[in-house]
Amino acid sequence: MADDQLPTILVIDDEAKIRAVVCTSVAEDVYRCLTAGTAEQGLALAAADRPDLIVLDLGLPDLDGIEVCRRLREWSSAPIVVLSARHAEDEKAALLEAGADDYITKPFGPVEFRARVRAQLRRARMSPVPGGDEPMHIGDLAIDVARRTVTRGGATVHLTPTEWSLLAVLVRYAPRTMTHQQLFSAVWGSSHGDAQQYLRVYIGHLRRKIEDDPYQPRRIVTEPGVGYRFEPQG
């Protein structure tokens, strides 16, 4: 929450009038109302400011709303309230599956909108996404899933796209043990191959980059015969 315990919300909508209406509707309930006119601007603001709730328009010029939801849900647990002029039931269902929390059709009444936002903020007591809602710090290691950055002692750790994907999955589910097949599917999708061998190679790369001693790892821990887990207290 913000300094005075009021939330910050982010409105992603390409119509300036809608952004103004939304911010005016919730003015008494929020500390800040951030706005963005495109999906990419909105994703960047979300990563930089970590809003407590996101209002998302589906009719954005640069990216599909479902994809925006999915990207946000990779690292954030903030409620997502979708605004759209579309009424199709299958589209609503797809958005909820992608991580949206509520769906409001345009035109909407400010009183109902404010009530919906307040309800979502009250429900927003779920556990934060590790490394997403705020960076994860372990000793001199900092992992920021939203910004896709890793630093050690303030210096940037350079990861390949595959190494990053693997680390992000491990961090997101920490400290749960992920099986070889779960990790393989999450990182390589439907690719065929030896899951354990692929993982052994890339886990080795990651350990050399983020462990104090890659031969006695404390952060990426092996569960023999099962898989790996990320230990936040490592």
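The values are calculated or read from the model by the stated rules, or taken from the named source; none is laboratory data. Since the structure is predicted, the reported quantities are computational estimates derived from the model, not experimental observations. A quick note on method: Cβ atoms are made from the backbone with ideal geometry, for glycine too, and the neighbour counts reach across all protein chains shown. Just the protein is used for accessible areas: all its heavy atoms, side chains included, with ligands, DNA and RNA removed. Shrake-Rupley method; radii C 1.70, N 1.55, O 1.52, S 1.80 Å.
Observations, loosely collected:
- Residues that are open to solvent by 40 Å² or more (accessible area, probe 1.4 Å) and not in a strand (DSSP E or B) within segment 148-158 comprise R148, G153, G154, H158, listed in sequence order.
- Lone qualifier among G65, G42, G37, G59 - being under 17 Å from the mean Cα position of the chain (by Cα) and more than 20 Å from L121 (Cα to Cα): G65
- Condition check for A78: in a helix (DSSP H, G or I), closer than 26 Å to E28 by Cα and small (G, A, S): no
- Whenever a residue of segment 14-38 is in contact (Cβ under 8 Å) with a residue 24 or more places away in the chain and closer than 20 Å to A48 by Cβ, its partners that are in a loop (DSSP other than H, G, I, E, B) and among the polar types (S, T, N, Q), lying with C-beta atoms within less than 9 angstrom and at least six residues away or across chains, give the pairs D14/T38; Y31/Q5.
- Residue tally, condition buried (at least 19 other Cβ atoms within 10 Å of the Cβ), touching a helix residue (DSSP H, G or I) at 6+ places or on another chain (Cβ under 7 Å), of a type outside the set (V, I, T) and within 18 Å of G139 (Cα to Cα), over segment 169-228: 3
- For segment 128-147, the set of residues classified as surrounded by 15 or more Cβ atoms within 10 Å (Cβ to Cβ), at pLDDT 80 or above and closer than 18 Å to R70 by Cβ consists of V145, A146, listed by residue number.
- Considering only residues in segment 94-118 that are in contact with a strand residue (DSSP E or B) (Cβ under 7 Å, 6 or more places away or on another chain) and small (G, A, S), the one that is modelled with the highest pLDDT turns out to be A100.
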